[in-house]
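A.B. asks: Can you read through this structure? Questions will come right after.
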Amino acid sequence: MATLDEFKANLIGGGARANQFRVTFNTPGAIATGLDVRKASFLIKAAALPGQTIGEIAIPFRGRNLYIAGDREFEAWETTVINDTDFNIRNAIERWLNAINDTVTNTGLSNVADYTADLTVEQLDRDDTVLKSYILRNCQPTGTGAIELSYETANAIEEFSVTWRYSHFEASSVNF
C-alpha cells in the first residue's frame, strides 16, 4: 500500500496550480482593435488549457463494430475577462467581430489571414516560470457573452466571456 510520503514524492513541484496562468492576445494586423495587450493578460480572469478529441469511425463487421481513429477536432475555447471602466478589451473584441461581420452592412473581411491571430495560454509555476504553453493558431472570436446589469448587484466588477475558434494548437514539449 502506498504511503503519504510516496505520494508527496511523486507530486512534482507540489502540483500545477489552476490559478497560475497567463493568456497573451495578439490581434490581426488588418484590424485596428486598439487592444492593450499587456493589460489584457492581467484582466483575463479565467481560461483553459485547450481540449481536443480524436473522432472515431465505426466499421461494421458481422454484427460488431471496429473503431478506427478519425480526424482530430478542437473544442471551442473560452476566456472570461474582467471589465474595467475603459472597456478596452470589450471594445477591441467588438471591433474584431465587427471586422469579421459588420453589424450594419453584413460585410466583412474575406481573407482568413486578415481576421485571425495567434493567442497563447501558459501554465505558470508559482515563480512565473512557464511550465507548459499552447499557441492557438489562427484564432478568431466567435462571440462575446452579455454583461449582466442589475440594481441588485453590489460589490461586484463586471466580467464577460469570449468564445474563440482556432485551426489547431502547438503545445510545448509535444510538437516536433
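The values are calculated or read from the model by the stated rules, or taken from the named source; none is laboratory data. Keep in mind that this is a model prediction, so the values were computed, not measured. Note: ideal-geometry Cβ built from the backbone for every residue, glycine included; neighbour counts use all protein chains shown.
A.B. asks: May I ask you to list the residues in the stretch 83-92 that are exposed (fewer than 15 other Cβ atoms within 10 Å of the Cβ) and outside any helix (DSSP H, G or I)?
C.D. replies: Across the stretch 83-92, the qualifying residues are ASP84, THR85, ASP86, PHE87.
A.B. asks: Is it the case that THR129 is at pLDDT 95 or above and either within 21 Å of LEU49 (Cβ to Cβ) or surrounded by 13 or more Cβ atoms within 10 Å (Cβ to Cβ) (or both)?
C.D. replies: no
A.B. asks: Let me ask something else. Suppose we filter ALA2, ALA32, ALA40 for residues that are hydrophobic (A, V, I, L, M, F, W, C) and more than 25 Å from the chain's Cα centre (by Cα); which single one remains?
C.D. replies: ALA2
A.B. asks: Inspect all residues belonging to the stretch 67-82 and state whether any of them is farther than 16 Å from SER161 by Cβ, outside any strand (DSSP E or B) and out of contact with any Cys (no Cβ under 8 Å at 6 or more places or on another chain).
C.D. replies: no
A.B. asks: May I pose another question? How about the stretch 1-35: which of its residues are outside any loop (DSSP other than H, G, I, E, B) and surrounded by 13 or more Cβ atoms within 10 Å (Cβ to Cβ)? Working first, answer last.
C.D. replies: At the first step, the residues of the stretch 1-35 found to be outside any loop (DSSP other than H, G, I, E, B) are 4-10, 12-14, 21-24.
Residues satisfying the conditions are PHE21, ARG22, VAL23, THR24.
A.B. asks: Test THR163 against the stated conditions and say whether it is under 12 Å from the mean Cα position of the chain (by Cα), at pLDDT 95 or above and either assigned to a loop (DSSP other than H, G, I, E, B) or farther than 23 Å from ASN19 by Cα (or both).
C.D. replies: no
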